[in-house]
Amino acid sequence: MIKKQDVFFILFFLLLAVVLLFCFNSTKSTGVAVVERNGTECYRFDLGKQKTTQIIDLGGEYHVKLLLEPGAISFRHSDCRDQICVRTGKLTKPGQVAVCLPAKISVRIIEDKKTFDGFTG
Amino acid sequence: MNQPSKLNLSPRTRSVAFNGLLTALALVLSAIELALPPLPLLPPGAKLGLSNLVTMYAAGAVGLAPALCIAVIKGLFAGITRGFTAMLMSLSGGLLSTLVMWLLLRIKSRPFGLVGLGVAGALSHNAAQLLVASLLTTPAVLYYLPWLILFGILSGIVTGLVLSVMMPLLDKFTID
């Protein structure tokens, strides 16, 4: 049932997962949300500069709505059956990502590189 | 499977019937899993992969072709009930994990026990699905990789343990 190799095998992947978790864990507390549809970017929001709460209606077959708040973004609504995107909850830190696979819409947070002008976008 | 048949079924007929039963079992398990409430504290979309039990058993006890067939039918079932993307996810995960478990079972020295096999199957299942998801949307979904590894280990251990309980029962099961 369980052999010694199984234990080594499991430990190896546990270690890998922990190392990856540390690598992916960003120290930055806020970032820029990038919204993509079919793999092409359609919106970009600077979460650090966001002062109000607003709903972004992306429409489409699944009537996806995003909730944009100061420092956070989340899927508010989707007509998809699995609701994985909505259950992912709020994204706040760079690296985090939420996806609605049926609608092919993804939201991810990237680090604010300060390379683009916040006023001209 | 090798006892003399009371119904005079040819070995071919029996194998068709047996594979049909395994397929039905896989479909029932995925349907049950869909009906379960989403598990808290787990990455969104994570499932136990109960129907992997069946492909794992089939890969070991029946053969590669029937096991892959079961994975394909499972994928079509997901397509009918949950849509096209669900079908792609089910097919990619199901086919790769079945292949990996079959290959591991082919190694003469049998380096892994059932738990190790289950974990290898679950990890390859998750890896294939993550790859397809990243192709369909954005490579940023790789952010889920550590969580999918952790959950793959957990669900793989569960499948391995359940299968080690089920195996003797399934081995006794005959169609005659």
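Read-outs throughout are calculated quantities, based only on the coordinates presented, and are distinct from any laboratory measurement. In this text the structure is predicted, and so the values were computed from the model without any measurement. We place every Cβ from the backbone using ideal geometry, glycine too, and count neighbours over all the protein chains shown.
Here are some notes:
- Scaling the Cα radius of gyration of chain B by the globular reference 2.2 N^0.38 Å produces a ratio of 1.06.
- In chain B, helices alone account for a calculated mean residue ellipticity at 222 nm of -25500 deg cm²/dmol, with every DSSP H run of four or more residues adding -39,500 (n - 2.57).
- Virtual spin-label span in nm between residue A:83 and residue B:107, 7 Å along Cα→Cβ: 4.2 nm
- Rounded to 10°, Cα long-axis angle of helix B:114-136 versus longest principal axis of chain B: 50 degrees
- Compared with the dominant Cα axis of chain B, that is its longest principal axis, helix B:64-82 is turned about 50°.
- Inter-chain shielding of B:48-60 (mean C-beta neighbours from other protein chains, 10 Å cut-off): 0
- Of all stretches in chain B that contain no trypsin sites (Lys or Arg not before Pro) in a DSSP loop with at most 16 other Cβ atoms within 10 Å, the longest one is B:7-107.
- Packing rank of B:156-168, A:47-59, where each peptide gets the mean count of other beta carbons within 10 Å, highest leading: B:156-168, A:47-59
- Here the dipole of chain B is about 340 debye; that uses its Cα centre as origin and unit charges on the Cβ of Lys and Arg (positive) and Asp and Glu (negative).
- In this simple spin-label model, placing a label point 7 Å from the Cα along the Cα-to-Cβ direction at both residue B:35 and residue B:65 gives a separation of 3.5 nm.
- Cβ crowding within 10 Å, taken as a proxy for footprinting-reagent exposure, orders A:105, A:110 from fewest neighbours to most as A:110, A:105.
- Partner shielding of A:13-19 amounts to 4, given as the average count of beta-carbon atoms from other chains within 10 Å of each residue beta-carbon.
- P(r) tail, the protein assembly as shown: Cα-Cα pairs separated by more than 23 Å, 59% of all pairs.
- Residue-by-residue Karplus 3J(HN,Hα) for the range A:52-60, coefficients 6.51, -1.76, 1.60, Hz, glycine and proline x: 10, 9, 9, 9, 9, 8, 8, x, x
- Degrees separating the helix B:84-106 axis from the principal Cα axis of chain B, which is the longest one: 60 degrees
- Residue A:36 sits among other residues whose Cβ lies under 11 Å from its own Cβ, and their net charge, with Lys and Arg +1 and Asp and Glu -1, is +3.
- Globularity ratio of the range B:96-176, using Cα Rg and 2.2 N^0.38 Å: 1.30
- Cross-link pairs A:28/A:93; B:47/B:172; A:104/B:47; B:74/B:108; A:65/A:93 - those with Cα-Cα distance over 18 Å: B:47/B:172; A:104/B:47; B:74/B:108; A:65/A:93
- Given charges at Cβ of Lys, Arg, Asp, Glu: the protein assembly as shown dipole, positive-most of A:16, A:38, B:145: A:16
- Over the range A:28-110, volume per residue of the alpha carbon convex hull, in Å³: 72 Å³
- Here the label points at residue B:161 and residue A:111, each 7 Å from Cα along the C-beta direction, are separated by 4.0 nm in the simple model.
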